[in-house]
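To start, the structure itself, in structure tokens.
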Amino acid sequence: MLFGAGFLYFYENDGFMKSLLFFLLPLLLLSCGGKNSDTGQNLKVYLTPNGKGIQSGGVQLISYVHGKDSFSLWTKTVGNNPKTRILLLNGGPGATHEYFECFESFLPREGVEFIYYDQLGTGHSSNPNDTAYWDLARYVEEVETVRKALNLGPENFYLLGHSWGGLLAMEYAVKHGGNLKGLIISNMMASCPAYDRYAEEVLGPQMEPAVLAEIRSLEAASDFANPRYMELLMPHFYEQHVCRIPVKDWPEPVSRSLGQTNQSLYVTMQGPSEFGLSGKLDLWDRMEDLKKIQVPALVIGATHDTMDPAFMEKMAGNLPKGSFLLCPNGSHMCMYDDQERYMSGLIHFIRETEAGRFKISL
């Protein structure tokens, strides 16, 4: 269970609120954008970083060509800091960028630019509806396409991957580490076989024996569509290890993102079970290859995570410039259920890296 993508229901969008911002913005610019107004000039630079064309709120569709096929990849930039830019890789596999929306409450006020990105087959990006595209090497190629299109490089490019996105970030950093300024691996182990063992030997036995036996029985029968499967997992697994908030109170961006999960992508890469892997990723292991990643790196884990926090701390030790952040009250979604610890640690790591320091105490 890289990310608990079995959560496929729960939230319905209440509709879109229209705004008069398009009308009020020119008045705002006229009132503060005089020739000698630094505030006005800064606002103009923030709103129109390239100074050309019709602005779209930071949204950019990136052309991606693979073989004979062409696709569009959706990205949205928030903020404008050419020195500190974070590309976000969400989990799943198959969820959307939207659960990262909590970052808007923390990073902009720190002057940190970040970029939402829906991977192929998810969210607003193209969906080829072809399992041949659900492939780790191809996703690495896709991230590199996005990097080039957004002019990201070693002078400014931080890559933050959560869950499956963390796996993808590690794979990218091993192959293209020279393009990075910093790496953040959030809630992902560097070995899928080790994750399987943790799920089997630690997470499973934490459940009530009768509950675990019924879950195992449903999985053995491949009866994953049975409503009883999720009825058992929600209180006994999701609320304990995915997001330690009652499901009825889960943050809306989390419910919205997981409710759009591409099940074809999830099952192909992860497998249908919420315990362990049986898909394409089941043998993936980069623990020893972390030594090849030479940029400052932060590994984030949580005490109640689906991933082994002790293993993730060891990962930081394998990274030449690695640091570890533990969220003691959090789980897999500790950007929500241990939010202050997560965000303060992330911001501290970025500040220290910008100052040229690593092996950061958190």
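Figures for the structure shown
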quantity	calculated
Cα gyration tensor shape of segment 309-362, rounded if a/c is under 1.5, else prolate or oblate by comparing a/b with b/c	oblate
Residue exposure sequence - Val247, Val112 - by fewest surrounding Cβ within 10 Å	Val247, Val112
Length-normalised contact order for the chain - Cα pairs under 8 Å, 6+ apart - percent	19
Globularity index of the chain, i.e. its alpha-carbon radius of gyration over 2.2 N^0.38 Å	1.00
For the chain, share of DSSP beta bridges that run antiparallel, in % to the nearest 5	35
Selection of GluC sites (Glu not before Pro), segment 106-186, meeting DSSP coil and at most 14 other Cβ within 10 Å	Glu155
At 0.890 mPa s and 25 °C, Stokes D of segment 233-296 from Kirkwood alpha-carbon radius, µm² per second	170
Whole-Hz ³J(HN,Hα) from phi, Karplus 6.51 cos²θ - 1.76 cosθ + 1.60, for segment 98-115, glycine and proline x	5, 6, 7, 4, 4, 4, 5, 7, 10, 6, x, 6, 9, x, 9, 7, 9, 10
Listed residue pairs exceeding 18 Å between alpha carbons, taken from Lys76/Lys321; Lys83/Lys175; Lys148/Lys181; Lys148/Lys175; Lys175/Lys314; Lys175/Lys292	Lys76/Lys321; Lys83/Lys175; Lys175/Lys314
Cβ-based exposure ranking for Ile347, Ile54, in which fewest neighbours within 10 Å come first	Ile54, Ile347
Anisotropy class of segment 174-312 from Cα gyration tensor, a/c 1.5 cut	prolate
Simple spin-label estimate for Phe224 and Val202 in nanometres, 7 Å along Cα-Cβ	2.4
Mean Cβ count within 10 Å, highest first, over the residues of peptides 199-208, 298-307	298-307, 199-208
Electrostatic dipole magnitude of the chain [Cβ: Lys, Arg +1; Asp, Glu -1; Cα centre; debye, to 20]	1620
Residue-averaged [θ]222 nm for the chain, counting only DSSP H segments that reach four residues, each worth -39500 (n - 2.57)	-9500 deg cm²/dmol
Gaussian network model of the chain, springs between alpha carbon atoms under 10 Å - residue of Gly330, Gly153, Gly345 with greatest fluctuation	Gly153
Loop trypsin sites (Lys or Arg not before Pro), segment 53-89, which have at most 12 other Cβ atoms in a 10 Å radius of their Cβ (DSSP)	Lys68, Lys83
Selected from Pro246, Pro328, Pro93 as most flexible by GNM, with the chain as the system and alpha-carbon contacts under 10 Å	Pro246
Value of relative contact order over segment 259-362, rounded to a whole percent, pairs C-alpha under 8 Å and six or more apart	21
Segment 207-319, relative contact order in percent, only Cα pairs under 8 angstrom and at least six apart counted	18
Proxy reagent accessibility, fewest Cβ within 10 Å first, across Ser105, Ser191	Ser105, Ser191
GNM top mover of Arg138, Arg286, Arg109 - the chain, alpha-carbon springs below 10 Å	Arg109
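Here, each number is a calculation from the coordinates, and none is a lab measurement. It should be emphasised that the depicted structure is a prediction, and the values quoted were computed from it without experimental measurement. Cβ sites come from the backbone with ideal geometry, for glycine too, and all protein chains shown count toward neighbours.
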